[in-house]
Amino acid sequence: MKQHSQPVFWNDIDLVIFDLDGTLYNQRRLRTCMALNLLHVSVKTRSLKTLNVLRIYRQCRETLAEGALVDFMNRQFEDTAMRCGCSVVEVREVVDEWIEQRPLIYLRACRYSGIEALFDALHRSGRTIAVFSDYSAAAKLEALSLKADLVVSATDGDVQRLKPDPAGLYKILNATGFEASRSLMIGDRFDRDWAAANRAGMPAIIKSRRRDPRCGTFRSYQDTLFQPVVQSADTGGTFAFPSFEKCVRAIVNILLRQELPSARQSENVESIVTYVLATHAGMPDYLRLAFRILTVVFDAWPYPATGKPFHRLSSDRREDQVNRWRSSRLQIRSGLIAFYRTFTIFGVYSEIYEQDVECEGNPEHD
Amino acid sequence: MKEILNMTEPVSRKMSADIVVIGSGPGGAVTATLCAEAGASVLLIEEGPNLSLQSVPHFSREEVLRKYRNAGICIATGRSKIAYVEGRCVGGGSEVNRGLYHRTPEYVLDLWKTEFEVEDLSLDKLKPHFIACERTAQVEYLPGDKPLVSTRLYDGAARLGWQAIEAPRLYRYGGIGAPGRKQSMSETFVPRFLLAGGRLIADTTANRLTRASGKWFVKAQHAPTDGRPRQQIEISADRVFVACGAVQTPALLRRSGLKKNIGNSLYFHPMLKVVAQFGEDVNKPGDLDPVHQIREFEPDFGMGCSISKRPMLGLAMAHHAGHFAEIEQHWRRMGIYYVQAASGRATVRNLPFFRDPLVTVRQSEQLLRTLANGLKRLAEALFAAGAVAVYPSIRGYPVLRSMIDVRNLPDMFGGEDGSMTSVHVFSSCPMGENEAVCATDSFGRVRGADGLFIADASLLCGPTIVNPQGTVMAVAHRNATHAIENRFR
Ligand SMILES: Cc1cc2nc3c(=O)[nH]c(=O)nc-3n(C[C@H](O)[C@H](O)[C@H](O)COP(=O)(O)OP(=O)(O)OC[C@H]3O[C@@H](n4cnc5c(N)ncnc54)[C@H](O)[C@@H]3O)c2cc1C
C-alpha cells in the first residue's frame with residue numbers, strides 16, 4: 001500500500017471534516033449507475049431533456065462556485081432554466097429526483113471501502129466528525145450508513161456559499177469550538193476542498209492518485225496514513241490527558257447548544273471561550289485555583305467509564321455529563337456548571353447584541 | 001481633559017511624597033485633590049489602569065474585564081452568598097457605576113452619631129461638603145422625557161399610593177439631544193488633582209505599609225499593562241491615606257499588621273432582580289439610564305430600575321427556560337428591576353499564600369424575610385404598572401403572571417443559589433469615638449497609627465440605605481478638610 005505524503009499527526013487532531021461526494025463514496029461508480037438509469041429512462045420516454053437539464057445544472061453550479069455568490073441557491077435553478085428553455089419548477093423537480101433522491105438507492109453500494117472502519121475509529125478515539133458538502137448531505141450520509149457529529153451543507157441558511165469559500169468550515173469550527181489548526185479536512189478536490197481548508201488555516205488531505213505539493217494525498221482508506229488512528233482505536237484509542245482549556249471550550253460548546261436555538265449556535269464560539277477564560281483568569285486567586293482543579297476533575301470524570309476525558313467525548317455524552325453535574329445536589333458540582341453557564345450566557349448575548357452596549361443615550365444603536 | 005489624565009508620573013524604585021493616597025475612587029480622589037490644593041506634595045497610586053470613560057463601552061464585557069476588580073467576580077461566601085462588584089481603575093467605582101446620587105438621609109447620620117459616637121456629624125454639618133463636591137462632580141436631573149422603563153416603576157408606585165422619586169445622577173446631560181458626560185472621578189476630581197500639581201501612578205498595587213523613623217513606607221508593585229516589566233517600588237511619606245474601597249482597605253491594613261476593628265463589619269446592599277414584561281414597548285435603544293426609585297419601604301428596602309440592555313436581560317432571565325426566544329421577541333417590552341436591603345455583617349480576612357481577601361457574610365433570617373417581602377412588593381408595583389409577566393432572577397422561582405402568583409412566593413428567601421448581588425460595599429473600618437467598634441476616630445485617623453488615615457467607603461458606620469457615592473465623597477471631603485485644618489495631626 002503506497003502512501004503519497006507525510007504522516008498526519010493524529011494526536012494533534014480533534015476534529016475531522018469530510019467532504020461527501022467523491023470522498024465518502026466512489027462518484028464515478030455512482031455516475032455510471034445513474035447514467036445507465038438515465039439512459040433507460042431517456043429511451044423509455046424518447047427524450048433527452050432530463051439529461052440536458054442535469055448537464056447544464058452541473059455547469060451552472062461550477063460557474064457559480066467560481067463567483068462565490070451568496071444567492072447561488074436560486075441562481076443555479078434560474079440559470080439552468082434559462083439555458084434549457086424550461087421553467088424553474090421543472091429544473092427543481094429534475095434536480096430533486098436525479099440529484100437528491102435517486103442516487104440514494106445506489107449510494108451504499110458505491111461507498112469506499114475502509115470508510116466505515118475509519119469513522120468508527122475516529123468516533124472511538126473521541127474525535128469529532130463533521131461533514132461539509134456543497135449539496136445537502138444528511139440523507140446521503142444516512143444512505144451511506146455513516147454517522148457524523150455535525151453535518152453542514154452549503155445550502156444551509158447561515159452558510160449559503162459553495163466551496164472554496166470557507167463559510168461552512170467556519171460554521172463547523174464555531175459550533176464545535178475546535179481550532180482550525182487542530183482540525184483536518186479530508187476531500188477529493190484540490191480546487192474546492194483543499195482551497196477552502198487552506199483559506200480557513202486548516203490542514204487537509206486529498207484523495208488522489210498523484211502526489212501534490214499543496215498537501216498530503218491518499219489513495220484509499222486502507223492507506224497507512226490512517227493506520228495510527230484505526231489501530232489505536234482497536235487497542236483502546238490514543239490516551240488524552242485532561243486539559244483545562246479544552247474542557248472549558250467543550251463545556252461552553254455544550255452550553256451554547258443548550259441555551260441557543262440551532263440557527264444561532266454558530267455564533268463566534270472562540271470569542272466567547274476567550275471571554276470565559278479571561279473571566280476565569282481574573283477571578284480571586286483562591287477561587288481561580290479551586291475552579292481550575294475542579295474543571296480538570298470534571299474533564300477527567302469520564303475516564304473510568306470511557307477511558308477518555310470529557311473534551312474527547314461525543315457531543316451527546318458531553319451534554320449528558322453537563323446535565324448531570326448541573327442538576328447535582330452537590331453544590332460544588334452544580335456551582336461549576338452555573339459559573340460557566342453565567343459567563344457563557346453573558347458572553348454570547350454580548351456577542352450577538354454588541355450594538356446594545358455602545359454609548360448611553362445614543363439612539364443610533366438599534 | 002484627556003491630556004491631563006495622561007499626565008502620569010514616571011515610576012522609579014524609590015519614590016517619596018508628603019502624602020500618599022492609595023486608591024483613586026471617590027474617597028481617594030477627593031482626598032488627594034484637597035491635599036494637593038493645600039500645597040502638599042501628593043502621590044496618588046491606583047492598582048487599576050488609567051483609562052478614559054470612552055475607552056470601552058459602558059456595561060460591556062470588555063468593561064467588566066478591564067475596569068472591574070476580579071473580572072466582575074467577587075463573592076462574599078456564606079450560606080447565603082452575595083456576588084458583588086467593585087471598580088478597579090483610575091476613578092474606582094465611579095467609572096463603572098451609574099452615578100445615581102443622594103445625600104445621606106438624616107436618620108442614617110443620626111444613627112451613626114449615636115451608635116458610633118461620631119463627633120460633629122449631622123446633615124447640616126455635612127451639607128457644605130456635599131455642595132463642594134457637587135460643584136466639581138456635578139449632579140443633574142434628567143431633562144425632557146424620561147425612559148419609559150423607568151417611569152413604569154414610578155407609575156406603579158403612584159397607583160399603589162407609595163412614595164417614589166426621580167433620583168438625580170452624577171451626570172451632565174448637556175441638554176435634550178446633546179451628548180452627555182458622566183461625572184466620574186477621571187472626568188472631575190482626578191484632573192483637578194493633577195492641575196493642582198498632584199502626581200498619579202496607575203497600575204500600581206500597594207501591598208504593605210510599614211513605619212520606620214517617623215515615616216510611612218508603602219511597598220508596592222508597578223505592573224504596567226503595556227508589557228513593560230513589573231517593578232517593586234517603595235514610597236516613603238509623612239502621611240498615608242488608605243482609600244482602596246471597603247474590601248481592599250481592611251485587607252491592606254490587616255496585611256500591614258493593623259487589625260483592631262478592621263475588616264469586622266463590612267456591609268452590602270444585597271439585591272434581587274426581576275425582569276418585567278409589559279404589554280407595549282418600554283425599552284428603546286438609545287434611552288438614557290433609568291432614574292426612578294421607590295422609597296416607601298426605606299430603611300427596610302428600596303427598589304429601582306437597572307440597565308436593561310439585552311446582554312443584561314440574558315443574564316437576568318438565565319434561570320428561565322427559553323430565555324433566548326423570549327428576549328429576542330419581547331426585549332423592547334422588558335425592563336430589569338431590583339429590590340435592595342441592607343445585608344448581614346461580613347468579615348474581610350487575608351488567606352495565607354493568596355492575594356485576594358476572603359469575605360464571609362452571615363445573613364440573618366430577618367434579612368432573608370425582608371428580601372422575600374421586598375420581592376413581592378416589587379412584583380406588586382410592576383403589576384400595578386401594567387406588567388403582564390414578572391420573571392424573578394432566582395433559580396427555581398416561577399414566572400409570575402398575576403398577584404395570585406406573587407402571594408404564593410415563599411416568605412423567606414433561601415439565598416443559596418448566588419442570585420443575591422450587590423454593587424455597594426461599606427463600613428469595614430467604621431469611624432467614631434466608640435472604641436469598641438470603631439477603627440478610626442471621628443475623622444478617619446487610624447487608632448494607634450500616627451499619620452495613617454482611611455478615606456473611603458470603609459469609614460461609613462453602616463449601610464447608607466440610599467446610593468452611597470455622595471456620602472463617600474462628602475465624608476472624604478469633611479475628613480480631608482479637618483486633617484488639613486489640623487495640619488494632619
Ligand atoms: C457597578 C456599580 C454600580 C454602582 N452604582 C452606584 C450608583 O448608581 N450610585 C452610587 O452612589 N454608588 C454606586 N456604586 C457604588 C460606588 O461606586 C462606591 O460606593 C464608590 O465608588 C466607593 O468609593 P471608594 O473610594 O470607597 O472605593 P472605590 O470606588 O472602590 O475605589 C477604590 C480604588 O482603590 C483601588 N485599590 C484597591 N486596592 C488597592 C491597592 N492595594 N493599591 C492601589 N490601589 C488600590 C481600586 O482599584 C479602586 O480603584 C456603584 C458601584 C458599582 C461597582
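The values are calculated or read from the model by the stated rules, or taken from the named source; none is laboratory data. Quantities reported herein were computed from a predicted structural model and do not represent experimental measurements. Virtual Cβ from ideal backbone geometry, glycine too; neighbours counted across all protein chains shown. We work out accessible area using only protein heavy atoms, side chains counted, and drop any ligands, DNA or RNA first. Shrake-Rupley method; radii C 1.70, N 1.55, O 1.52, S 1.80 Å.
Over the range A:244-361, the Kirkwood radius and the radius of gyration, each from Cα atoms, give a ratio Rg/Rh of 0.99.
For the range B:370-414, the alpha-carbon radius of gyration amounts to 1.03 times the rule-of-thumb value 2.2 N^0.38 Å expected for a compact globular protein. Across all directions, the shadow cast by the convex hull of chain A built on its C-alpha atoms averages 22.8 square nanometres. For a test of the definition: using alpha carbon positions, the gyration tensor, and the 1.5 limit on a/c, classify the range B:18-120 as rounded, prolate or oblate. It comes out oblate by the Cα gyration axes.
The alpha carbons of the range A:27-107 give a radius of gyration and a Dmax of 13.0, 39 Å, in that order. Among beta bridges from DSSP that stay inside chain B, the antiparallel ones total about 70%. Interface residues of the range B:294-310, defined as those losing at least 50 Å² of solvent-accessible heavy-atom surface relative to the isolated chain (probe radius 1.4 Å), are listed as B:Lys309, B:Arg310.
Taking both sides together, the accessible area buried where B meets A is about 3500 Å² for a 1.4 Å probe. Rg of the Cα atoms in the protein assembly as shown, relative to 2.2 N^0.38 Å, amounts to 1.14.
Using Cα springs under 10 Å in a Gaussian network model of chain A, which residue among A:Gln227, A:Gln355, A:Gln321 shows the largest mean-square fluctuation? Per the Cα network of chain A with a 10 Å cutoff, A:Gln355 tops the list. The value obtained for chain B, namely the Cα convex hull volume divided by the number of residues, is 142 Å³ per residue.
Let me know the shape class of the range A:131-247, please: from the alpha-carbon gyration tensor, a ≥ b ≥ c as square roots of the eigenvalues, rounded when a/c is under 1.5, otherwise prolate if a/b is greater than b/c, or oblate. Since a/c stays below 1.5, the shape of the range A:131-247 is classed as rounded.
With a 1.4 Å probe and every protein chain kept in, tell me what percent of the accessible surface of the range A:244-361 is carbon plus sulfur. Working shown, then result.
Working: 2520 of 4750 Å².
With neighbouring chains kept in place, the figure for the range A:244-361 is 53 percent.
Taking a straight line from the alpha carbon of B:Lys376, these aspartates and glutamates sit under 18 Å away, with near neighbours fewer than eight places off in the same chain left out: B:Asp155, B:Glu296, B:Glu298, B:Asp300, B:Glu365, B:Asp405, B:Asp411.
Among A:Leu330, A:Leu289, A:Leu38, the largest mean-square fluctuation in a Gaussian network model of chain A, built with springs joining Cα atoms closer than 10 Å, belongs to A:Leu330.
For the range A:278-301, accessible area lost to neighbouring protein chains reaches 10 Å² or more, against the chain alone with a 1.4 Å probe, at A:Ala278, A:Thr279, A:Gly282, A:Met283, A:Pro284, A:Asp285, A:Tyr286, A:Leu287, A:Leu289.
When all protein chains stay in place and ligands, DNA and RNA are ignored, the 1.4 Å accessible-area order of A:Ser87, A:Ser208, largest first, is A:Ser87, A:Ser208.
Normalising the average separation of contacting C-alpha pairs (under 8 angstrom, six or more residues apart) by the number of residues puts the relative contact order of the range A:244-361 at 36 percent.
Where does the protein assembly as shown land at 222 nm, in deg cm²/dmol rounded to the nearest 500, when only DSSP H runs of n ≥ 4 count, each adding -39500 (n - 2.57), divided by all residues? Before the final figure, lay out each step's value.
Numbers: 30 runs with 333 residues, N = 855.
The per-residue figure over the protein assembly as shown is -12000 deg cm²/dmol.
Computed in the context of the full set of protein chains, the accessible area of the range B:1-92 at 1.4 Å probe radius has 52% of its extent on carbon or sulfur. With contacts taken as Cα pairs under 8 Å and at least 6 residues apart, the range A:129-223 reaches a relative contact order of 19 percent.
For B:Lys125, the lysines whose Cα comes closer than 21 Å to its Cα, not counting residues fewer than 8 places off in the same chain, are B:Lys113. Contact order for the range A:27-107, expressed relative to its length and based on alpha carbon pairs under 8 Å spaced 6+ residues apart, stands at 33 percent.
Can you give the accessible area per residue of the protein assembly as shown, in Å², using a 1.4 Å probe? Could you put the intermediate results ahead of the total?
Working: 34820 Å² over 855 residues.
That works out to 41 Å² for each residue.
Order these peptides, B:154-167, B:206-219, by their mean beta-carbon neighbour count within 10 angstrom, highest first.
Numbers: B:154-167: 17.2, B:206-219: 15.6.
By packing density, highest mean first, the sequence is B:154-167, B:206-219.
Only lysines eight or more places from B:Lys182 in sequence, or on another chain, were considered; those with a Cα closer than 21 Å are B:Lys2, B:Lys67, B:Lys146, B:Lys284, B:Lys309.
Exceedance of the 23 Å cut-off in Cα-Cα distance is limited, within the set A:Lys246/B:Lys273; A:Lys246/B:Lys81; A:Lys207/A:Lys308; B:Lys14/B:Lys215, to A:Lys246/B:Lys273; A:Lys246/B:Lys81; A:Lys207/A:Lys308.
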